[in-house]
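**Q** Here you go, one structure.
The values are calculated or read from the model by the stated rules, or taken from the named source; none is laboratory data. Just so it is clear, the model here is predicted, and its values are computed rather than measured. In this analysis, Cβ positions are derived from the backbone assuming ideal geometry, glycine residues included, and neighbour counts consider all displayed protein chains. For accessibility, only protein heavy atoms count, side chains too; no ligands or nucleic acids. Shrake-Rupley method; radii C 1.70, N 1.55, O 1.52, S 1.80 Å.
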Amino acid sequence: RAPTTWDAVFCDVGQGDMTVLRAGDGEAVVIDAAPEPQSALGCLDKLGVRRVTVLILTHFHADHVGGAAALLKRYRPPLVLVSCVASPPGEAKAIRQEATRAGSQVQVPEEGQTITAGLVTWTTISAWETSVAGSEGEGESSAENNASLVGIAVASGIRILMAGDAEPAG
């Protein structure tokens, strides 16, 4: 059952991440997109989201971007923020292609960059580039985790640290 009022929701998507911040009536900023489309879209449907203004993908591991293509197709967010490390390369390329088809601007934010989308403010506090040496092919490694976009999201006065999967080294 959907909450009648909400500002920030951490969606139950199984093993993976998806956070939804209320940007206005029927509008949201989404951080990560679950491991698969059904759980991503289902969470947004339950919340009554009709428009995604910003999609933030902390890194390209499948448990964070599995539902991104479906979300991009349905909601066509104007802005997509992504990690500077485009790895695993298959996922990164697919997300960029789908974002282009959706007419979304894809941007790698800089440390300290702030964006405002309705009632939500996101400030990138870490977007540092790291080597993905040793992360060959389509595999996943700690390097991508440590290159996660890390930011402070503020939704209706609630401050939330969004760290992706940054590990201690990150």
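**Q** Can you compute the FRET efficiency between Gln113 and Thr5 using 1/(1 + (r/R0)^6), with r the Cβ-Cβ distance and R0 = 30 Å? Round to the nearest 0.05. List each step's numbers first, then the result.
**A** Working: r = 30 Å, r/R0 = 0.99.
Between Gln113 and Thr5 the formula returns 0.50.
**Q** What percent do you get for the relative contact order of the chain when only Cα pairs under 8 Å and 6+ apart count?
**A** Relative contact order here is 18 percent.
**Q** A further question follows. Taking the solvent-accessible surface of protein heavy atoms with a 1.4 Å probe, what is the per residue accessible area of the chain in Å²?
**A** 45 Å²
**Q** Related question: What order, most packed first, do the peptides 89-101, 26-38 have when packing is the mean number of other Cβ atoms within 10 Å of each residue?
**A** Put in order of decreasing packing, that is 26-38, 89-101.
**Q** Compactness ratio of region 11-90: Cα Rg over 2.2 N^0.38 Å, N = residue count?
**A** 0.99
**Q** Which Cys residues of the chain have no other Cys Cβ less than 4.7 Å away and so no disulfide-compatible partner by this rule?
**A** Cys84
**Q** Can you check what the net charge comes to around Thr100, using other residues whose Cβ is under 13 Å from the Cβ of Thr100 (Lys, Arg +1; Asp, Glu -1)?
**A** Spelling it out: positives minus negatives among the neighbours equals +4.
**Q** Can you tell me the length gained on complete extension of the stretch Gln105 to Ser156, counting 0.36 nm per residue apart and subtracting the Cα distance?
**A** This chain segment gains 15.8 nm when fully extended.
**Q** Calculate how steeply helix 37-47 sits against the longest principal axis of the alpha-carbon atoms of the chain, using the helix alpha-carbon long axis, and give the answer as 0 to 90 degrees to the nearest 10.
**A** So the helix axis and the longest Cα principal axis differ by about 30 degrees.
**Q** To the nearest 0.05, what FRET efficiency results for Asp12 and Arg50 with a Förster distance of 22 Å applied to their C-beta separation?
**A** E(calc), rounded to 0.05, equals 0.55.
**Q** Shifting gears a bit: Expressed in nm², what is the orientationally averaged projection area of the convex hull enclosing the Cα positions of the chain?
**A** Directional mean of the projected Cα hull area for the chain stands at 8.8 nm².
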